[in-house]
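S.K.: Have a look at this one before I ask anything.
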Amino acid sequence: MNLVTTVTANATVDKTYRLDRFEPGTLMRVHQMESVPGGKGINVARVLRRLGHPALATGFVAGFSGAWIRHRLDQEGIWHDFVEVDGESRLSVTIPNPDGRGQTEILEPGPAINPDDQLALISVVERWARQSRCVVLAGSLPPGAFPDLYARIIRTVQAAGTPVALDASGEALRLGIAAHPFLVKPNRRELAALGLPPGLPGSVPGAAGRQALRALAEAWARLAQAEWFIVTAGEEGALAVCRRVDRGGGQGAGQDLPSFEFFWATPPEVTPVNPVGSGDAFLGGLLAGMLEGRDAAGCLRLASAAAAANVMVMGAGMIDRKIVQRLEEHVTVEAI
Ligand SMILES: Nc1ncnc2c1ncn2[C@@H]1O[C@H](COP(=O)(O)OP(=O)(O)OP(=O)(O)O)[C@@H](O)[C@H]1O
Ligand SMILES: [Mg+2]
């Protein structure tokens, strides 16, 4: 089955409050509000689902908020199998600035997770991985989590033969990369924090700059030992390096010969409403492309179109497949 399992270790109830004015220290009434299940893994599952692919969300949920998250995922047609923990799943409140520029965010930490909960999650993910084409680990770790929880899941799942995609930040990303996921998707800030060689330009460089960019991207992919290493750079697009391993079988050499392909994907220009979750939509689109059997450039085209569609809507991952199809025609994917 073309199932993708996504892991959200710190699932949320994402609330957006619309106010006429925002003045701390005063009484403010919300005149419009929206609540959706959130967290990066859930967002990726939503994008896959909206692009027509089955997706299962797992991770930790707790209390009434956790029950609400499950209920809403049922309504969205996203399968789920969460580990129930003590406490209450967190609320993340976003208050867009009334002038339309920027936003205020208030994020709860989420319930603390104990070691038994984490071992239970590793078992749940391992079980679903056997029926999945891919497992996605995305987002921050909750209080109490093993710093290497992602690395442990990656080792377990990949040992069972299912590839893992990782989209995290800070220590979780650093330790996760050490377990060699097949795909890593940092944004610029996350890449800088990893201490990998910097130098990503603002847009696709001319012929003269491409050699240097290829060398840089190859260094990232070799360090991570990933098949796909993608750095997203907001509205400027994304640099992707894709490693192919030509098995040297047959001739007695038995050597794996990696070769690299490099791409710059430039998104279409869209009217921004809310860019939050664009990275999740990019990852969901990319995996959808793989499930559809597209080549690397085709996957990046769908990823960029899904991400641009996400920028045009309020809720993370609430994309429309028809709009994504239209936007695909306006994405540029260049082999560099
Ligand atoms: N303003 C925009 N217009 C069109 N496409 C955009 C815009 N912003 C982002 N994108 C697309 O989304 C992709 C991911 O964006 P970005 O690098 O900001 O992800 P991110 O920081 O991981 O986001 P998040 O973690 O909130 O999901 C970009 O590579 C690009 O294709
Ligand atoms: Mg991101």
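The values are calculated or read from the model by the stated rules, or taken from the named source; none is laboratory data. Because the structure is predicted, anything quoted here is derived from the model rather than measured. Cβ placement follows ideal geometry from the backbone for every residue including glycine, while neighbour counts extend to all protein chains displayed. Ligands, DNA and RNA are excluded from the accessible area calculation, which covers all protein heavy atoms including side chains. Shrake-Rupley method; radii C 1.70, N 1.55, O 1.52, S 1.80 Å.
S.K.: At 1.4 Å probe radius, can you tell me the per residue accessible area of segment 205-336 in Å²?
M.R.: 45
S.K.: Give the accessible area for residue 79 in Å² (nearest 10); use a 1.4 Å probe, count only protein heavy atoms, and leave out ligands, DNA and RNA.
M.R.: Surface accessible to solvent at residue 79 totals approximately 120 Å².
S.K.: Right, something else. Once the whole set of protein chains is in place, how much accessible area is left on residue 262, using a 1.4 Å probe, in Å² to the nearest 10?
M.R.: 20
S.K.: Further question on the same structure: Note the direction-averaged projected area, equal to a quarter of the hull surface, for the Cα convex hull of the chain, in nm².
M.R.: On the way: hull surface 73.6 nm².
That works out to 18.4 nm², a quarter of the Cα hull's surface.
S.K.: Further question: Using label points projected 7 Å from each Cα along Cα→Cβ, tell me how many nm separate residue 330 and residue 91, to one decimal.
M.R.: Distance between label points: 3.7 nm.
S.K.: While we're on this one: So if I place +1 on the C-beta of Lys and Arg and -1 on the C-beta of Asp and Glu, and nothing else carries charge, what would the dipole magnitude of segment 205-336 be about its Cα centre? I want it in debye, nearest 20. Kindly include the intermediate steps, with their values, before the conclusion.
M.R.: Details: 11 positive and 15 negative charges, 36 e Å.
For segment 205-336, the charge dipole is close to 180 debye.
S.K.: Among 233, 314, 207, which residue has its Cα furthest toward the positive end of the charge dipole of segment 205-336, with +1 on Lys/Arg Cβ and -1 on Asp/Glu Cβ?
M.R.: 207
S.K.: Translational D (Stokes-Einstein, µm²/s) of segment 205-336 at 10 °C and 1.306 mPa s when Rh comes from the Kirkwood sum over C-alpha pairs?
M.R.: Numbers: Rh = 15.5 Å.
Rounded, D is 102 µm²/s.
S.K.: Please list, by residue number, everything in segment 306-336 whose backbone N is under 18 Å from a paramagnetic label point 7 Å out along Cα→Cβ of residue 203.
M.R.: 308, 330-336
S.K.: Another question, if that's okay. Å³ per residue of the Cα convex hull, for segment 1-97? Display every interim value, and only then the final one.
M.R.: Values: hull volume 10.8 nm³, N = 97.
Roughly 111 Å³ of hull volume per residue.
S.K.: Same structure, new question: Helix check for the chain. Which DSSP H runs span at least 18 Å along their own axis by Cα, with a mean Kyte-Doolittle hydropathy no less than 0.5?
M.R.: The qualifying helices are 278-291, 296-311.
S.K.: Counting only protein heavy atoms, what percent of the accessible surface of the chain is carbon or sulfur at a 1.4 Å probe?
M.R.: Ligands and nucleic acids excluded, carbon and sulfur reach 51 percent.
S.K.: What are the aspartates and glutamates whose alpha-carbon lies under 12 Å from the alpha-carbon of residue 185, with same-chain residues fewer than 8 places away excluded?
M.R.: In chain and number order, the partners are 167, 227, 280.
S.K.: Over segment 25-169, average the accessible area per residue using a 1.4 Å probe and give it in Å², no decimals.
M.R.: On the way: 6500 Å² over 145 residues.
Here the per-residue accessible area is 45 Å².
S.K.: Quick check on the chain: helices-only [θ] at 222 nm, where DSSP H runs of length 4 and up contribute -39,500 (n - 2.57) each and the sum goes over total residues. Nearest 500, please. Please list the in-between numbers first.
M.R.: Values: 10 runs with 122 residues, N = 336.
The helix contribution divided over the chain gives -11500 deg cm²/dmol.
S.K.: Explain nothing, just the number: dipole magnitude of the chain about its Cα centre with +1 on each Lys and Arg Cβ and -1 on each Asp and Glu Cβ, in debye rounded to the nearest 20.
M.R.: Charge dipole of the chain: 460 debye, to the nearest 20.
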